[in-house]
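Student: Sharing a structure here in structure tokens format.
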């Protein structure tokens, strides 16, 4: 977990304790019989990306614990805003949830001028389940083995190198734009509809680089289909201990990561939210999730609803400043 995220979570721990304690007790009213039918889990990105991977891992366990099927509903497009808006407008009965991320609940509201949902007012936050670094990878044909060499190459050929993103306005774009600002390079943005397609384009040489979230690009990096040169978190990732951070590669203070959590539409009954909270926290902390999370470069992280709300509020202001400083647009 990155340092800022850890501090934010600890700072609101006391505020969230009553919820957490009650969530683990017996449910009453609407939550007692819940669920009595399948639950739809909206993923605002296409299959194969980090959000989809984590959603399927956790969704399967949630299905087992609740005794009802959790159906993944991929609704990608527009930087995750299409699926997230759909989730915000869903019936608040506990049978539609969404996997919210840094991209959908922080970046999109900060960069899209006409986003049709409010990440705080339109959702009932439940808990984070995971956090993962962003990993800068290159097509193996690029003549750069380190971040320093990539920066030098980009400076020698300004505007000739391209980078992929999971879509305009997603954290994959923000991460690379932050690097461009820090390093003073010109690398052209090519948006795709999700981490999966972006990774495929990078492997195929359609673009040269991708600052992708770890679960989406780690398997290809380990297989040699993509070349990892830097991670965006303050500390190195245990999944790739030999890959340095951007900060230690010459850009101190650089830090960007992806968090993933569960949200329900605002107005979902409290007992239902408490039941989901207890189940999701138990799943994220369970020993059986350790291996699949590690395999995908993710760390289990849980929060109370109060902590998650504060995290969104603080990061929204942080990324608004980044977007303005880097003059990031939706081109």
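The values are calculated or read from the model by the stated rules, or taken from the named source; none is laboratory data. This structure is a prediction, so every number in the text was calculated from the model and none was measured. Positions of Cβ are generated from backbone atoms using ideal geometry, with glycine treated the same way; all protein chains shown enter the neighbour counts.
Student: Of all helices (runs of 4 or more DSSP H) completely enclosed by segment 246-330, which ones contain at least 3 residues that are within 18 Å of residue 106 (Cα to Cα) and touching a residue at least 40 places away in the same chain (Cβ under 8 Å)?
Tutor: 305-325
Student: Just for helices (runs of 4 or more DSSP H) wholly inside segment 26-116: which have at least 2 residues that are under 26 Å from residue 177 (Cα atoms), in contact (Cβ under 8 Å) with a residue 12 or more places away in the chain and out of contact with any strand residue (DSSP E or B) (no Cβ under 6 Å at 6 or more places or on another chain)?
Tutor: By residue number, 81-88, 108-111.
Student: Right, another one. Does residue 137 meet the test of being over 15 Å from the mean Cα position of the chain (by Cα), touching a residue at least 12 places away in the same chain (Cβ under 8 Å), buried (at least 24 other Cβ atoms within 10 Å of the Cβ) and over 20 Å from residue 283 (Cα atoms)?
Tutor: Yes; evaluated as a whole, the condition is true for this residue.
Student: Given the structure, is residue 128 at pLDDT 95 or above, under 15 Å from the mean Cα position of the chain (by Cα) and either more than 18 Å from residue 44 (Cβ to Cβ) or surrounded by fewer than 21 Cβ atoms within 10 Å (Cβ to Cβ) (or both)?
Tutor: No.
Student: Test of understanding: among 234, 216, 247, which residue is under 17 Å from the mean Cα position of the chain (by Cα) and surrounded by fewer than 23 Cβ atoms within 10 Å (Cβ to Cβ)? Break it down into steps so the answer makes sense when it comes.
Tutor: Numbers: 216 fails: surrounded by fewer than 23 Cβ atoms within 10 Å (Cβ to Cβ); 247 fails: under 17 Å from the mean Cα position of the chain (by Cα).
When all the criteria are applied, what remains is 234.
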